[in-house]
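No lab work stands behind these numbers, since they all come straight from the coordinates. Quick caveat, the model's predicted, so the values are computed rather than measured. All Cβ positions, even for glycine, are placed from backbone atoms using ideal geometry, and neighbour counts span all protein chains on display.
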Amino acid sequence: MSETITQQALRALVDEWIGAGTKVAGPSYVKKDLCQYVPLTSSAELLLEGFIHPRNSVKDFFFPRHEKIYEYTLKGHEVELADMTPASTPQVIVAARPCDTAAVAILDAVFNWGEKDEFYTQRREAATIVALACVTHDSHCFCTSVGIGPDAEKGADVMLLPLDGGFEVRCLTEKGKTLFAGRTQPSDKTAVIPEGPKVKVSPEQVRAALEDYDNPLWKTATLRCLSCGACSFTCPTCHCFDIVDEGNAHGGCRAKNWDSCQLCMFTKHASGHNPRNVQGQRQRQRTQHKFRIYPDKFGEVLCTGCGNCARNCPVSLGILGTLVELCAEMPKTVGESK
Ligand code: SF4
Ligand code: SF4
């Protein structure tokens, strides 16, 4: 037995959410061949079928690329401060990829570690995430290598699985149950779990390979990197930001802006010294952080195998290729790939 919804009924429900003033976002074509998660004005914009892999990630809706923390006004020798109220407007993210949804659950740990980031947590509390299982994948996908898969429920409030022109609806949290209450129909069918990409690397083997900190691979395999930062800006789990004052003699704001460990200024000291002054060192840092440093602190890898870093890289240098190359040098007994 399962609960189901037709595609038409789902679209009608999305339109109801929009009509009720809820911010709704989902995958949509913003131009030919460019799919992104965007705020929707109508369910007609929402992609629900075929290969859907937005070039950005769901993190944009919880951790925007630019966010004011407070504004300041200079009046003579006085400074007036005005706090920004964290946004708590209800929002629904619909048809999120399981690799993006899982990433939000990973980010929850970071933004609630020590001091809570109220800007993130209030958006998160006001949001409901409706994931859509993947029925197809491309050569960049490797979710199954990092412990998730095309129907992974991590981070989702509801999971939709394609079934007979509509969807099986699995409500996973109270928020999810509330959102779909009375809108599903019982069925004696259940969706077939889609097959994911074959396992391509093992995190244990990657971790073992990363023990060789001075591996010459960092000087060769990543030479073509342009230091553009596209990989980290479109990565659902990368979360670095910088806090900067943006203003003039009259006032301005203190803002939180996305940053990237792939940019040359990221670690540049005021003295002019840069401990990561070549691109190979920055690539090594990103990989070390995702597969060794972050797991040591939070107990899971900082990668969901979404493949965005490869899809968005102007020189086709995604993390998967680097991991495969790293592991190719390792003895097969360490965390053997299935
Ligand atoms: S490192 Fe690449 S594959 Fe892993 S989550 Fe980030 S963008 Fe996706
Ligand atoms: S997207 Fe590619 S070229 Fe740009 S910083 Fe990342 S690896 Fe380098």
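Counting neighbouring Cβ atoms within 10 Å and putting the fewest first, the residues Glu325, Glu174 line up as Glu174, Glu325.
Distant-in-sequence amide contacts of Gly251, defined by a placed amide H-H separation under 5 Å and a gap of 5 or more residues or a different chain, comprise Leu74. Take the Cβ atoms of Glu115 and Gln281, set R0 to 35 Å, and the FRET efficiency comes out at 0.75. Taking Ser28, Ser43, Ser271 in turn, the Gaussian network model of the chain (Cα-Cα springs below 10 Å) assigns the largest fluctuation to Ser271. Mean separation of Cα pairs under 8 Å and 6+ residues apart, divided by the residue count of the chain: what relative contact order is that in percent? Answer for the chain is 20 percent. Structure remark: mean-square fluctuation, Gaussian network model of the chain, C-alpha springs under 10 Å; the largest value among Val169, Val79, Val14 belongs to Val79.
Each of Glu45 and Asp242 was given a label point 7 Å from its Cα along the Cα-to-Cβ line. The distance between the two points is 3.1 nm. Which residue fluctuates the most in the chain, going by a Gaussian network model with Cα springs under 10 Å, if the choices are Leu320, Leu13, Leu81? Comparing Leu320, Leu13, Leu81 in the GNM, the peak value goes to Leu81. May I ask for the net charge around Thr234, where only other residues with Cβ less than 10 Å from the Cβ of Thr234 are counted and Lys, Arg are +1 while Asp, Glu are -1? So the environment of Thr234 carries a net charge of +2.
Among Leu107, Leu217, Leu74, the order by Cβ neighbours within 10 angstrom, fewest to most, reads Leu74, Leu217, Leu107. Pairwise Cα separations in the stretch 118-222 fall into 10 Å bins from 0 onward with the following percentages, short to long: 12, 30, 27, 20, 9, 3. Between Val24 and Leu40, Val92, the built amide H atoms are under 5 Å apart, and every one of these is 5 or more places off in sequence or on another chain. Just the number, please: percent antiparallel of the DSSP beta bridges in the chain, rounded to the nearest 5. Among the beta bridges of the chain, antiparallel pairing accounts for roughly 80 percent. Three semi-axes describe the equivalent ellipsoid of the chain; taken as square roots of 5 times the Cα gyration tensor eigenvalues and ordered largest first, they are 34, 30, 16 Å.
The packing ranking, built from the mean of other Cβ atoms within 10 Å per residue, places the peptides 87-99, 276-288 in the order 87-99, 276-288, highest first. Distance between the C-alpha centres of the stretch 52-80 and the stretch 145-219: 30 Å, rounded to the whole angstrom.
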